[in-house]
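Working notes, structure below.
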Amino acid sequence: MKTHPVIIVGAGPAGIGTAALLSRCAIPSLVLERGRIGESFLQWPKETRFISPSFTGNFFGAVDLNAVTPGSSPAFRLQTEHPLGRQYAQYLSDVTDYYELEIEEDIEVLDVEIEPSGKILLSTYEGELRTRVLIWAGGEFQFKKAIPGTIRVSESYKTLPTGRHVVIGGAESGIETAYNLVKNGSSVSIIDPTEPWAHEVSDSSYGLSPYTFARVRYLQKSGKAEFISEFAETISETEVRTRYRTINLEHPPIDATGFDIENSLASKLFDFPNGYPQLTDRDESTKHKNVYLVGPNVQHEKAIFCFIYKFRQRFAVVVSEILRRWGQQSPVIADYADKGFLLDDLSCCDGECVC
Ligand SMILES: Cc1cc2nc3c(=O)[nH]c(=O)nc-3n(C[C@H](O)[C@H](O)[C@H](O)COP(=O)(O)OP(=O)(O)OC[C@H]3O[C@@H](n4cnc5c(N)ncnc54)[C@H](O)[C@@H]3O)c2cc1C
């Protein structure tokens, strides 16, 4: 069995972006993907678009917010500002081709073992692979929280019958669901005790994006949306109960409460003392040496890297640490820093916009 220098699990923006940087630093990596490149985006409902806008600002020092490398731009490639999921998957495939990345699709990593030698053994249905460094880029979208009695929207909002709907969760996905339901002729109750629609915060990890606030305003004007700032205490086939009210159901409630990566292999690779993976300041697991995390679950105290424009700034942190341990250097890391693709001083992530 050959030992690969680096294996990355997951061919989403985190996995592809990290593989592209490794390739530019002359470190070969193998990406294993259980579906297709950009699988999570291919599973988005047909109507779902990016909320963070894409724009071709690269040459004036403002790299497209949704780019995973400093020299690419989904806006330029796709000629749209808010890409659909399948469009963004196409962009990821193009980045893969451009950097000639080695990606094996339809290979699911089923288990990971750390051998006494420190090498890392991955099991798949097709056999075992060994690596010196494992980068977990398995994401969160495919590991959903599941509230019994609720449904999730896949395919398209148009597959939902019109009528009165209840959406549990009022963050980005909940508002997107409510917006599409109302557009398709339904009315909707959105239940969330944290009432994200009522708070304006300048860090998008803690509040709704401007794109979603525009949808909140649309819902408020429509007269067909009710915002309930309470916890859904019980959910049965016929009703949802909060502390102060009972909502009779015409259709099963829709779950928009987010994801839980502890439902993935990440639970074996990282400790989760506070509900998110515990990492060193180089984004290495505190549980296993040479196991790194890239993607939206990277979190350091108040800094949450849950958007592409945020977590892409940690690819170079991981790659420079791998280079350092192998006694190597690459000018590409400085180039990433110049382009705003390296954030290792987190003291900046603590301020609010002044206006
Ligand atoms: C509706 C919606 C809208 C969003 N809009 C935006 C936005 O506008 N801007 C933004 O920045 N972010 C947005 N996000 C978040 C963004 O999609 C995620 O942060 C991003 O996809 C995370 O990238 P990733 O590569 O870590 O994970 P993913 O894109 O989920 O990729 C992980 C990959 O790993 C694979 N995988 C998982 N487990 C295994 C395994 N065991 N073996 C092999 N392969 C495996 C999966 O198949 C998947 O392809 C949105 C998310 C949603 C749900």
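The values are calculated or read from the model by the stated rules, or taken from the named source; none is laboratory data. Owing to the predicted nature of the structure, the values given are computational and were not obtained by experimental measurement. Virtual Cβ from ideal backbone geometry, glycine too; neighbours counted across all protein chains shown.
Are any residues in the range 32-58 among the aromatic types (Phe, Trp, Tyr) and within 9 Å of the ligand (Cβ to nearest atom), and if so, which ones?
Within the range 32-58, Phe41, Trp44, Phe50 meet the criteria.
Mind checking which residues of the range 322-342 are surrounded by 12 or more Cβ atoms within 10 Å (Cβ to Cβ), more than 15 Å from Ser23 (Cα to Cα) and within 25 Å of the chain's Cα centre (by Cα)?
Across the range 322-342, the qualifying residues are Ala337, Lys339, Gly340, Phe341, Leu342.
Okay, residues lined up against (1) in the same structural domain as Thr177 (by TED's automatic domain parsing); (2) surrounded by 23 or more Cβ atoms within 10 Å (Cβ to Cβ); (3) out of contact with any Leu (no Cβ under 8 Å at 6 or more places or on another chain); (4) not aliphatic (A, V, I, L, M):
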{"site": "Ile7", "(1), (2), (3), (4)": "no, yes, no, no"}
{"site": "Leu42", "(1), (2), (3), (4)": "no, no, yes, no"}
{"site": "Gly61", "(1), (2), (3), (4)": "no, no, yes, yes"}
{"site": "Ala67", "(1), (2), (3), (4)": "no, yes, yes, no"}
{"site": "Ser73", "(1), (2), (3), (4)": "no, no, yes, yes"}
{"site": "Asp94", "(1), (2), (3), (4)": "no, no, yes, yes"}
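Inside the range 240-256, can you point out the residues that are in a strand (DSSP E or B) and loosely packed, with under 14 Cβ neighbours inside 10 Å?
Once the filter is applied, which keeps residues that are in a strand (DSSP E or B) and loosely packed, with under 14 Cβ neighbours inside 10 Å, the range 240-256 yields Thr246, Asn248.
Test Thr159 against the stated conditions and say whether it is over 20 Å from the mean Cα position of the chain (by Cα), buried (at least 21 other Cβ atoms within 10 Å of the Cβ) and of a type in the set (S, T, N, Q).
Answer is no for this residue.
Within the range 101-145, take every residue that is surrounded by fewer than 15 Cβ atoms within 10 Å (Cβ to Cβ) and of a type in the set (Gly, Ala, Ser) and give me the one that is nearest to the ligand (Cβ to nearest atom).
Ser123
Those residues that are surrounded by fewer than 24 Cβ atoms within 10 Å (Cβ to Cβ), within 24 Å of the chain's Cα centre (by Cα) and either part of a loop (DSSP other than H, G, I, E, B) or within 12 Å of the ligand (Cβ to nearest atom) (or both), I need them from the range 21-31; list them, please.
Passing the criteria: only Leu30.
I need every pair where a residue in the range 7-30 that is over 20 Å from Gln142 (Cβ atoms) and modelled with pLDDT of 95 or more has its Cβ under 8 Å from the Cβ of a residue that is within 14 Å of the ligand (Cβ to nearest atom) and of a type in the set (D, E, K, R), sequence separation at least 6 or different chains.
Every condition considered, the pairs that remain are Leu30/Glu104.
A quick yes/no check of all residues on (1) among the aromatic types (Phe, Trp, Tyr); (2) within 23 Å of Pro116 (Cα to Cα); (3) at pLDDT 95 or above:
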residue	(1), (2), (3)
Gln278	no, yes, yes
Ser285	no, yes, yes
Lys302	no, no, no
Val318	no, no, yes
Arg325	no, yes, yes
Tyr336	yes, no, yes
Gly340	no, no, yes
Leu346	no, no, no
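If I ask for residues that are under 18 Å from Thr18 (Cα atoms) and touching a His at 6+ places or on another chain (Cβ under 8 Å), which ones from the range 264-302 would you list?
Leu279, Asp281
Among (1) closer than 30 Å to Leu65 by Cβ; (2) touching a strand residue (DSSP E or B) at 6+ places or on another chain (Cβ under 7 Å), where does Ser209 come up short?
Going through (1) closer than 30 Å to Leu65 by Cβ; (2) touching a strand residue (DSSP E or B) at 6+ places or on another chain (Cβ under 7 Å) one by one, Ser209 breaks only (2).
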